[in-house]
Amino acid sequence: MADVVFPALSEREPEAAGVLSTWFVADGDQVADGQLIGEVMVDKVAGEVIAPMAGRVHLLVTEEAAAHQGEVIATVE
């Protein structure tokens, strides 16, 4: 199992909160290693959420929910 973390987009504030803009997969979907699975925003900067391994994804944060950089937002097993 691997954690999917909210990517660090702000070097000035490494624990700044952002928003999970979009999931491109649904909870329980099979994903490939390196697949783009979501998009996040921090201070008007968009970032990609990439699957760290192949497997079944379990989403822990809903779209438009606030999350902090480095926070676990999904898992892949």
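Since every read-out is calculated from the coordinates, none of them should be taken as a lab result. Since the model is a prediction, treat every value here as computed from it, not as a measurement. Here Cβ is always computed from backbone atoms with ideal geometry, including for glycine, and neighbour counts include all displayed protein chains.
Once region 37-52 is narrowed to residues that are of a type in the set (A, V, I, L, M, F, W, C) and over 13 Å from V5 (Cα atoms), the residue that is surrounded by the fewest Cβ atoms within 10 Å (Cβ to Cβ) is V45. Among the residues of region 1-47, the one identified as touching a strand residue (DSSP E or B) at 6+ places or on another chain (Cβ under 9 Å), charged (D, E, K, R), closer than 15 Å to E64 by Cα and assigned to a loop (DSSP other than H, G, I, E, B) is D43. When the residues of region 53-77 are filtered to those that are hydrophobic (A, V, I, L, M, F, W, C) and more than 10 Å from the chain's Cα centre (by Cα), the one that is surrounded by the most Cβ atoms within 10 Å (Cβ to Cβ) is V57.
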